[in-house]
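First up is the structure itself, then whatever we jot down about it.
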Amino acid sequence: MINHNIDLRADFPILTQQVNNEPLVYLDNAATSQRPTTVTDSLLRFYQTDNANVHRGVHTLAERATNQYETARRKVQQFIHAAETSEIIFTKGTTDGLNLIASTYGEQVVQAGDEIVISIMEHHSNLIPWQQLALRKRATLKYVGLTAEGELDLEDAATKITDKTKIVAVAHASNVLGVVNPLAKLAQLAHQHGAVLVGDGAQAAPHMAVDVQALDVDFYAFSGHKMMGPTGIGVLYGKRRWLEQMPPYQFGGEMIDSVHQQSSTWAQLPYKFEAGTQNIAGAIGLGSAIDYLSEIGMSQVTEHEQRLVNYLLPKLVANPDIEIYGPHNPQQHTGVIAFNLKGLHPHDVATALDMEGVAVRAGHHCAQPLMAYLGVVATARASFYLYNTQQDADRLIAALAETKEFFSHGVIKSK
């Protein structure tokens, strides 16, 4: 169990501040997480002592930088249980990784009349690349729907995935509904029809143990900034068999083997997909974040967040003024909770909560087709992480009550 004491929160100086004269309660972790001092210190240390380009130099700084960069790659491999480091490609983030697959593997295999299957709950990052690929190739984009409880409808998935399907792309965990999707079952279903499974791990890798080999996903993408790493760094995992047959995503330095006036050959994996100077410090910072998470233990992270959801979600469900989107059963729920205060626009709710020091997200959460499916324009969203506490949940409940009271009667407590 992660302690709710000051020791863990002390690793995150940003959480000690006041916002609008109230102690900050940060509940926008699905958008981006905060960083512990060990991560920010690793960035500062690199820039102050080891800053150099990687793979290209034989001088001491270059060798130190290269060693740290490749050490970070090994940490990622071990963190998601990939078979080898050559299956780990550093990207700008989840969006970049998913676009890489669509622009390389997708361009290779998808032809007119083929099908691409995604779910209605997808983030735009795991929707638009496939939508645009289908348009370019004159293929069909199909959506798997939801059950009445707000979970992925596996029966619908079995109907939608056919022998015409080439790619199935699904979020491991929803950034709105707070559900975890059964990627292993979807992978089995996709493989039975000769398709590959792409997992969007942006909302899963920071919060639960991930084993890409056990899931049998063909590709898996996630971002550093949602798991306490720097912005601008992410990871794409791919099975070697697919990565080897895929063409480069970008061209330039580092990704080549030899260059002639009229032709070139490409470097071995994973460097074929890492053109130019990469976000070296970002990769090192991501490695530091993985160290932090690994020291705590991902099972502990999951258990901590589940404990908070077990405490908070029933209280929100029982409130007649609150509409919850996604499962009402805490056991089917991650630390992402989308809701609306009935009769109020979520932007007004988020602004009012901010006046109480509570930071939540409001909007369509880059999931407009899901919003339309749910029959709403937008929702508010509270999302928890390992440094949040039961007191944070209580603050959210109290702030929602204050918000409802203010908009109903124009009454708010004096500060």
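Worth pointing out:
- Sole exception among (1) without any contact (Cβ under 8 Å) to a residue 12 or more places away in the chain; (2) buried (at least 23 other Cβ atoms within 10 Å of the Cβ); (3) among the charged types (D, E, K, R) for residue 394, by number: (2)
- Scanning region 79-92 for residues that are under 17 Å from the mean Cα position of the chain (by Cα) and either under 18 Å from residue 206 (Cβ atoms) or in a helix (DSSP H, G or I) (or both) yields 79, 80, 88, 90, 91, 92.
- Tally, over region 129-154, of residues that are under 18 Å from residue 175 (Cβ atoms) and assigned to a strand (DSSP E or B): 4
- Residues located in region 190-202, provided they are crowded, with 24+ Cβ neighbours inside 10 Å and assigned to a loop (DSSP other than H, G, I, E, B): 195, 201, 202
- Test result for residue 187, hydrophobic (A, V, I, L, M, F, W, C), open to solvent by less than 50 Å² (accessible area, probe 1.4 Å), part of a helix (DSSP H, G or I) and farther than 30 Å from residue 286 by Cβ: no
- In region 160-173, the residues that are closer than 22 Å to residue 94 by Cβ and assigned to a loop (DSSP other than H, G, I, E, B): 172
- Segments classed as helices (runs of 4 or more DSSP H), wholly inside region 322-415, with at least 1 members that are at positive phi: none
- Residue among 197, 189, 183, 146 that alone is hydrophobic (A, V, I, L, M, F, W, C), out of contact with any Ser or Thr (no Cβ under 9 Å at 6 or more places or on another chain) and within 25 Å of residue 305 (Cα to Cα): 183
- Test: residue 140 is more than 25 Å from residue 269 (Cβ to Cβ) and either at pLDDT below 95 or not hydrophobic (A, V, I, L, M, F, W, C) (or both): yes
- When the strands (runs of 3 or more DSSP E) confined to region 203-318 are screened for residues that are crowded, with 20+ Cβ neighbours inside 10 Å, those reaching at least 2 such residues are found at 219-223, 234-238.
- Residues in region 37-54 that are part of a loop (DSSP other than H, G, I, E, B) and surrounded by 18 or more Cβ atoms within 10 Å (Cβ to Cβ): 54 alone.
- For region 4-25, residues that are modelled with pLDDT under 95, assigned to a loop (DSSP other than H, G, I, E, B) and under 25 Å from the mean Cα position of the chain (by Cα) total 2.
- Residue within region 385-400 that is touching a Phe, Trp or Tyr at 6+ places or on another chain (Cβ under 6 Å), of a type in the set (Ser, Thr, Tyr) and at pLDDT 95 or above present: yes
- Every residue from region 97-128 that is charged (D, E, K, R) and either open to solvent by less than 30 Å² (accessible area, probe 1.4 Å) or not in a helix (DSSP H, G or I) (or both): 114, 115, 122
- Output for region 320-376, where each listed residue is open to solvent by 70 Å² or more (accessible area, probe 1.4 Å) and of a type in the set (A, V, I, L, M, F, W, C): 355, 372
- Checking residue 157 against (1) part of a loop (DSSP other than H, G, I, E, B); (2) in contact (Cβ under 8 Å) with a residue 12 or more places away in the chain, the condition it does not meet: (1)
- Some residue of region 61-78 being assigned to a loop (DSSP other than H, G, I, E, B) and either touching a Ser or Thr at 6+ places or on another chain (Cβ under 9 Å) or open to solvent by less than 50 Å² (accessible area, probe 1.4 Å) (or both): no
The values are calculated or read from the model by the stated rules, or taken from the named source; none is laboratory data. Please read these numbers as outputs of a predicted model, since none were measured by experiment. All Cβ positions, glycine included, derive from the backbone under ideal geometry; neighbour counts span all protein chains shown. Calculation scope for accessible area: heavy atoms of the full protein, side chains included, ligands and nucleic acids excluded. Shrake-Rupley method; radii C 1.70, N 1.55, O 1.52, S 1.80 Å.
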